[in-house]
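I have placed the structure first, in the form of structure tokens, so that the comments after it can refer back to it.
The values are calculated or read from the model by the stated rules, or taken from the named source; none is laboratory data. Just so it is clear, the structure is predicted and the values come from calculations on it, not from any experiment. Here the Cβ positions follow ideal geometry from the backbone for every residue, glycine too, while neighbour counts run over all protein chains shown.
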Amino acid sequence: MPNPQSQAPLTGVRVVELGSMYAAPTAGRMLRDFGADVIKIEDPVHGDFARQWQPAHEGLAIGFSRLNSGKRSVGLDMRQQEGRTVARQLISKADVVIENFRPGRMEAWGLGYAELAADNPKIVMTRVSGFGQTGPYSERPGFGTVAETASGYAFLNGWPDTPPTAPPFGFADSIAGISAAFGTAMALFRREMAGQGSEVDVALYEPLMFILGDAVLNYTSTGTIMQRHGNASGAASPRGIYQAADGTWLSIAASNQSIALRLFEAMGRPDLKDDERFATNTARMANNDAMQQIVIDWVGSHPRSEALEILDKYEVVAAAVNDSKDVTEDPHFSERTLVELANTVLGPALMPGPILHMKDYAGPTYDGVPSVGQHTREILVDELGLTSEDVDSLASNGVVNAS
């Protein structure tokens, strides 16, 4: 039986990740998940700042572990010319370089796309920044929180009587990282077809703004500024999150007419089909408070498991509102989605695996989390042909961490 890893679609692709924190390392993980060899360059003393994030267990940051398992770490001081020289040599032998510095930094270091493409015409350079490489805001710093507000997301998230709300996790960063991996894959495909590399430019806010695109189109076509609707969508009714009789929660999305009619049957209210207030989505939206109250009352009269069983019988789109314990104990997620992060101080731990599945590729393993500079010596010796003495000299000058 063939080794599943041999079927990985990006086997043989080498990525140099000059990324820290969230978005660029997310892109690196996406590529590593499908077979790429990802060499992570990080500060030789402190490493990626994400190593200092909370929560952590026995000094190992949970978020860093999830995004960086399986990568190889090179501790390299990019502030020193010798460090930049080593980075350029590594990139010259790579297929992809991912970076998330503020626009202009790589050029100031002599590592812009023109310089890297001169060394390696087939290089794919994927760049992630707050506001992109072009435009009036390109030089501004940016993190996910800024992207979530600038894109319009925070304005639409929350309830009508609450302030705009940012998510409690790296939402914009994650979407930008996935988008960067998608752009990288497209650039690699183009390279195969045309024989040349390219530059991929991802702004943190743009993938999120794309998802929110209806709000912009609505305003520019009708002059209406979409507002916060809480758990409702503002587009279809009934939709929302409802509390069951046992105090737990579930979601229902009757987002098209056939599902809404099946929901009426599931609730024992077929009469609603003929009620002019609820017969169509337009009517239901006009009478949404009344529509929602009917669903609230019905869900609130059943324990969650019973309500979900009824909804499933009538093929109504619904699900439990899961916490992390629910997710890890769910047999569907255990079979399809969750993978083990092994050989760390976190113990036998589970986390979400790749974001999609491909036939004939079983997916990667996640074995250990690299320490800062764990692979410096082997990579500089094996890939660049430096001697062990060369590496020792660089280490003595603080250029590399070769511990």
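Tabulated data for the structure shown
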item: Test: residue in region 50-69 that is out of contact with any Asp or Glu (no Cβ under 6 Å at 6 or more places or on another chain), closer than 25 Å to Val202 by Cα, surrounded by fewer than 18 Cβ atoms within 10 Å (Cβ to Cβ) and modelled with pLDDT under 95; result: yes
item: Number of positions in region 70-124 that are surrounded by 15 or more Cβ atoms within 10 Å (Cβ to Cβ), in a helix (DSSP H, G or I) and small (Gly, Ala, Ser); result: 4
item: Residues within region 161-214 that are under 21 Å from Gly234 (Cβ atoms), of a type outside the set (Gly, Ala, Ser) and not in a helix (DSSP H, G or I), tallied; result: 7
item: Candidate set from region 388-402 (those that are β-branched (Val, Ile, Thr) and either modelled with pLDDT under 95 or under 10 Å from Gly75 (Cβ atoms) (or both)); member that is nearest to the chain's Cα centre (by Cα); result: Val400
item: Residue, nearest to Leu338 (Cα to Cα), within region 312-326, restricted to residues that are part of a loop (DSSP other than H, G, I, E, B) and in contact with a Ser or Thr (Cβ under 8 Å, 6 or more places away or on another chain); result: Val321
item: Among the residues listed as Gly347, Gly300, Gly353, Gly368, the single one being at pLDDT 95 or above and either at positive phi or in contact with a Leu (Cβ under 8 Å, 6 or more places away or on another chain) (or both); result: Gly353
item: Some residue of region 333-353 being closer than 14 Å to Pro44 by Cα, of a type in the set (Lys, Arg) and either outside any loop (DSSP other than H, G, I, E, B) or under 24 Å from the mean Cα position of the chain (by Cα) (or both); result: no
item: Pairs where the first residue, in region 238-250, is farther than 15 Å from Leu311 by Cα and the second is of a type in the set (A, V, I, L, M, F, W, C) and surrounded by fewer than 20 Cβ atoms within 10 Å (Cβ to Cβ), C-beta under 8 Å, 6+ apart; result: Thr248/Ala320; Thr248/Val321
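Residue-wise test of (1) surrounded by 12 or more Cβ atoms within 10 Å (Cβ to Cβ); (2) of a type in the set (S, T, N, Q); (3) without any contact (Cβ under 8 Å) to a residue 24 or more places away in the chain.
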site: Leu272; (1), (2), (3): yes, no, yes
site: Thr280; (1), (2), (3): yes, yes, yes
site: Gln292; (1), (2), (3): yes, yes, no
site: Trp298; (1), (2), (3): yes, no, no
site: Lys313; (1), (2), (3): no, no, no
site: Ala319; (1), (2), (3): yes, no, no
